[in-house]
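The values are calculated or read from the model by the stated rules, or taken from the named source; none is laboratory data. Just so it is clear, the structure is predicted and the values come from calculations on it, not from any experiment. Cβ: placed from backbone, ideal geometry, glycine included. Neighbour counts: every protein chain shown.
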């Protein structure tokens, strides 16, 4: 697997900024080829060179890793601006729903079609430099040679100040959804508004006691339960693949709990998995097997596809002699509604390589996973 490139993007907004800053982060997290690592606090700053009555800006910096080249990453940033309704005018200081700018891209230092990288604002503008120092203080400017923290400490802050946290909810991030329970925290305003409208459509009063913070709670829960969309196998495996010369006997992990959501009714299904592989000179850290399962389970799914995705991922990253995956799941869409069969269980399997071609190997695996 090739090493991804680290990059830093700065997001700014002074139109519906409480909504647009976190929504921009969520859109970046969903972008193919982009893995968001950390997000700075939100910094407030006065409008620079704008009209006297221009609203203040919110700005935040995002540290990410990407397989995209600089032009592709800039295209993603441009698409996020479009999604948030950015209207481009001849006035560079006009209010805007979102500025999404690639400021650093690895160690690149060049002018590409009049758009220099690093962005000059990294050295000149406090509303750019301070959020970047907050998210990546040890990052070194490839031309200036100072760290972003040193740049921030030596720049006139122009009234720029941190005001609140923004949440990044990868299940493998040290900052988890439950760390953001205070009402002043920004989470996902657009998703919360949709959930609030759903409560109204169901005949409920979202302002009554007991429901007044339900949109926030549901948004956090859904973000976590579908976090597989913004998490990759490469991210969770990281460097936990090891050489193991001579290791060719079966490695089996069974009774792995999983939880997912049916894509047909968005109701949960859950159960246990048994995953085995026959090494071909490489082994994987034990916990990573369960995490690979989670990457695909934390999406809207069907069990058949989930089973094959886990098998295919392990086959791709290990190139083993064979992979076997068996899932046993119970589906609330069948238990709570429809035919309402509470004792039913679904079993799916995926056999690759030796497990598919050699009946004795397959039988050994099936015997080992039986109670």
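Residue 258 meets the conditions (1) under 16 Å from residue 323 (Cα atoms); (2) in contact (Cβ under 8 Å) with a residue 60 or more places away in the chain in every case but one. The failed one is (1). Remark: residue 293 matches the filter, which requires a residue to be within 28 Å of residue 220 (Cα to Cα), touching a helix residue (DSSP H, G or I) at 6+ places or on another chain (Cβ under 9 Å) and part of a helix (DSSP H, G or I).
Conditions (1) in a loop (DSSP other than H, G, I, E, B); (2) modelled with pLDDT under 90, marked per residue:
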{"residue": "169", "(1), (2)": "yes, yes"}
{"residue": "173", "(1), (2)": "yes, yes"}
{"residue": "178", "(1), (2)": "no, yes"}
{"residue": "184", "(1), (2)": "yes, yes"}
{"residue": "205", "(1), (2)": "yes, no"}
{"residue": "209", "(1), (2)": "yes, no"}
{"residue": "252", "(1), (2)": "no, no"}
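Out of the residues in segment 347-367 that are touching a residue at least 60 places away in the same chain (Cβ under 8 Å) and within 16 Å of residue 327 (Cβ to Cβ), which is surrounded by the most Cβ atoms within 10 Å (Cβ to Cβ)? The residue in question is 355.
Looking across segment 24-36, the residues that are within 19 Å of residue 69 (Cα to Cα) and either in a helix (DSSP H, G or I) or over 8 Å from the mean Cα position of the chain (by Cα) (or both) come down to 27, 28, 29, 30, 31, 32, 33, 34. Just checking, does segment 261-277 include any residue being outside any strand (DSSP E or B), surrounded by 17 or more Cβ atoms within 10 Å (Cβ to Cβ) and touching a helix residue (DSSP H, G or I) at 6+ places or on another chain (Cβ under 9 Å)? Looking for residues that are outside any strand (DSSP E or B), surrounded by 17 or more Cβ atoms within 10 Å (Cβ to Cβ) and touching a helix residue (DSSP H, G or I) at 6+ places or on another chain (Cβ under 9 Å), one finds none in segment 261-277, hence no.
When residue 248 is tested against the conditions (1) outside any strand (DSSP E or B); (2) more than 21 Å from the chain's Cα centre (by Cα); (3) touching a residue at least 60 places away in the same chain (Cβ under 8 Å); (4) surrounded by 15 or more Cβ atoms within 10 Å (Cβ to Cβ), the lone failure is (4). The test for being over 30 Å from residue 318 (Cα atoms), buried (at least 17 other Cβ atoms within 10 Å of the Cβ), touching a residue at least 40 places away in the same chain (Cβ under 8 Å) and in contact with a helix residue (DSSP H, G or I) (Cβ under 9 Å, 6 or more places away or on another chain) does not hold for residue 29.
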